[in-house]
1. Among the residues in the stretch 145-157, are any touching a Phe, Trp or Tyr at 6+ places or on another chain (Cβ under 7 Å) and part of a helix (DSSP H, G or I)?
2. Working carefully through the options Leu119, Leu27, Leu107, Leu87, find the one that is more than 19 Å from the chain's Cα centre (by Cα) and not β-branched (Val, Ile, Thr).
3. For the stretch 19-121, give me every one of the helices (runs of 4 or more DSSP H) that falls completely inside it and has 1 or more residues that are in contact with a helix residue (DSSP H, G or I) (Cβ under 9 Å, 6 or more places away or on another chain), modelled with pLDDT under 90 and acidic (Asp, Glu).
4. Determine if the stretch 103-114 includes at least one residue that is out of contact with any Leu (no Cβ under 9 Å at 6 or more places or on another chain), buried (at least 17 other Cβ atoms within 10 Å of the Cβ) and touching a residue at least 60 places away in the same chain (Cβ under 8 Å).
5. Since Thr166 meets every condition but one in (1) exposed (fewer than 14 other Cβ atoms within 10 Å of the Cβ); (2) hydroxyl-bearing (Ser, Thr, Tyr); (3) under 19 Å from His115 (Cα atoms), which condition does it not meet?
6. Name the single residue, out of those in the stretch 44-71 being within 17 Å of Gly140 (Cβ to Cβ) and in contact with a Leu (Cβ under 8 Å, 6 or more places away or on another chain), that is surrounded by the most Cβ atoms within 10 Å (Cβ to Cβ).
Amino acid sequence: MKNSEKVVRHSLAVRLVHWLVAISGLLLIFTGMGELPMYKRYNLVKLPGLGWAGDFELNLILHYGTAVVFGAAVCFHLVYHLRRRELAAWPQKGDFRESLSIIKALLSGGEEPPHGKFLAEQRLAYAATGAVSLLLLLTGLLKSYKNLGAIVIDPSILQVVTVLHTVGTMVFMLLIIAHVGAFALRANWPLLPTMLTGAVNRDYARRRHRKWRI
């Protein structure tokens, strides 16, 4: 769907899944930390509307429920794009080298290499986010089954699973910060509204994403 000024970059399905993953991911981080005593310890529960944050059982229920939404969104995303063979966001050979060239150009004001629909660092970030999301889902399932008494896990294995889940959460947080921080660069500003409207300026797309067939 095109016109003389805009070109569609993200479909409605893509945008809905993006926001489901983003919102549920943030809520998972918040409720996961809520299972620790830190919210009471640092008086977060005294802030207006956050009195519930110190309730362990409520945080656990919310964490499990949100994990279902997060997992469903991730699975839908994979099936949706694999069935449609939409793999433009998947990493490609040379992405690391191209990412360095892009960063150098942005910092020095030089000319960037021609891009496809997605920049090289976007493809790398996509792969990292996908891998971490799957790690969190897998380790989270194991931890949940253990809590429900469905299976008995060796304590040493459970310790590794817990560490992986915690480290994965930290990496996920850093990826979110990097994702949001990328829009501090002026060159990326035109891409910001696309996750709301789905469209990007055609002239911008032709100028910066010359390899993208639009």
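1. Here is the first cut: in the stretch 145-157, the residues touching a Phe, Trp or Tyr at 6+ places or on another chain (Cβ under 7 Å) are 151.
Now restrict to residues that are part of a helix (DSSP H, G or I): none.
No: zero hits.
2. Answer to the selection: Leu107.
3. Working: elements: 38-41, 56-84, 95-108.
Those helices (runs of 4 or more DSSP H) do not exist here; none qualify.
4. Filtering the stretch 103-114 down to residues out of contact with any Leu (no Cβ under 9 Å at 6 or more places or on another chain) leaves 103-105, 107-111, 113-114.
This time we only want the ones that are buried (at least 17 other Cβ atoms within 10 Å of the Cβ), so: none.
The answer is no; no qualifying residue exists.
5. Checking Thr166 against (1) exposed (fewer than 14 other Cβ atoms within 10 Å of the Cβ); (2) hydroxyl-bearing (Ser, Thr, Tyr); (3) under 19 Å from His115 (Cα atoms), the one that fails is (3).
6. Ranking the qualifying residues of the stretch 44-71, first place goes to Phe70.
The values are calculated or read from the model by the stated rules, or taken from the named source; none is laboratory data. Please read all numbers here as calculations on a predicted model, not as lab measurements. Cβ coordinates were reconstructed from backbone atoms using ideal geometry, including for glycine residues, and neighbour counts include every protein chain displayed.
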